[in-house]
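Worksheet: the structure to be examined is printed underneath.
The values are calculated or read from the model by the stated rules, or taken from the named source; none is laboratory data. Nothing here was measured: the structure is a model prediction, and the numbers come from that model. Positions of Cβ are generated from backbone atoms using ideal geometry, with glycine treated the same way; all protein chains shown enter the neighbour counts.
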Amino acid sequence: MYQAAVPVVRQALDQALVLLDHATPDQLAARLHPNMFDCATQFQLVAGFALRATFPLVGRDVPELSSGKDAPALRDALLRAQAEVSALTPADFAEAGKRRIQHRAGFADLDQSGTAYLQHFALPNLWFHLSMAFAILRAEGALVGKAEFDGLHRYPEGFSW
């Protein structure tokens, strides 16, 4: 379960930091729709879901993060989440697949196996909020693309779809 969780979460956090480097204060305040979270909140949720995706699996309380919405506070939250997740070891996950995770998804109370929790709730939500931060930045004119989003794609300078 460690391999299914920690490297994926670390990649999302790494890319959140890359995307954050492209964000202006106005872009952090922007939203895709009036009833959606702003970009800064999306970054906060990435940091939070990084911890929510891992700590319940190892039977530990999810650490609290700062709630600041400016770039330095968001960077601190992402870096703290990165450090907390990076400190987890494969041995910490020994019982993860056997755990039952009781949690809330919006207004729904859920009870999931550790595997179902990770695969069907935690990781999809982590990547959803990273996607929303990316989409807001892109919609607001930030020069970001797939390479900044996933850290895997590469394109020539000036290339665009």
Would you check which residues across the stretch 93-119 are aliphatic (A, V, I, L, M), outside any helix (DSSP H, G or I) and out of contact with any Pro (no Cβ under 6 Å at 6 or more places or on another chain) and list them? 94, 105, 108, 110
Under 8 Å between Cβ atoms, which residue pairs at least 6 apart in sequence (or on different chains) link something in the stretch 32-49 that is touching a residue at least 12 places away in the same chain (Cβ under 8 Å) with a partner that is among the acidic types (Asp, Glu) and surrounded by fewer than 16 Cβ atoms within 10 Å (Cβ to Cβ)? 40/70
When you check residue 60 against the structure, is it in a helix (DSSP H, G or I) and charged (D, E, K, R), yes or no? no
Lone qualifier among 26, 76, 61 - being surrounded by fewer than 19 Cβ atoms within 10 Å (Cβ to Cβ), modelled with pLDDT of 95 or more, of a type in the set (D, E, K, R) and farther than 30 Å from residue 102 by Cα: 26
Condition check: in contact with a strand residue (DSSP E or B) (Cβ under 6 Å, 6 or more places away or on another chain), acidic (Asp, Glu) and at pLDDT 95 or above. Does residue 92 satisfy that? no
Could you check the stretch 29-38 and list, in sequence order, the residues that are touching a helix residue (DSSP H, G or I) at 6+ places or on another chain (Cβ under 9 Å) and either surrounded by 17 or more Cβ atoms within 10 Å (Cβ to Cβ) or in a loop (DSSP other than H, G, I, E, B) (or both)? 30, 31, 32, 36, 37, 38
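Would you point out the residue of the stretch 102-152, among those that are over 19 Å from residue 29 (Cα atoms) and over 19 Å from the mean Cα position of the chain (by Cα), that is surrounded by the fewest Cβ atoms within 10 Å (Cβ to Cβ)?
Across the stretch 102-152, the extreme among qualifying residues is 107.
Where residues in the stretch 104-121 are touching a Leu at 6+ places or on another chain (Cβ under 8 Å) and at pLDDT 95 or above, which of them is farthest from residue 58 (Cα to Cα)? Before the answer, list the steps.
Residues of the stretch 104-121 touching a Leu at 6+ places or on another chain (Cβ under 8 Å): 104, 114, 117-118, 121.
Still in the running and at pLDDT 95 or above: 114, 117-118, 121.
On the way: 114: 9, 117: 12, 118: 12, 121: 16 Å.
Per the stated criteria, the residue is 121.
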Only one residue in 86, 66 is at pLDDT below 95 and either of a type in the set (S, T, N, Q) or in contact with a Ser or Thr (Cβ under 6 Å, 6 or more places away or on another chain) (or both), so which one is that? 66
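Test residue 156 against the criterion of being without any contact (Cβ under 8 Å) to a residue 24 or more places away in the chain and within 20 Å of residue 39 (Cα to Cα), and give yes or no.
Working: without any contact (Cβ under 8 Å) to a residue 24 or more places away in the chain: yes; within 20 Å of residue 39 (Cα to Cα): no.
In short, no.
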Can you tell me which of (1) closer than 29 Å to residue 35 by Cβ; (2) of a type in the set (Phe, Trp, Tyr); (3) in contact (Cβ under 8 Å) with a residue 12 or more places away in the chain is the one residue 93 doesn't meet? (1)
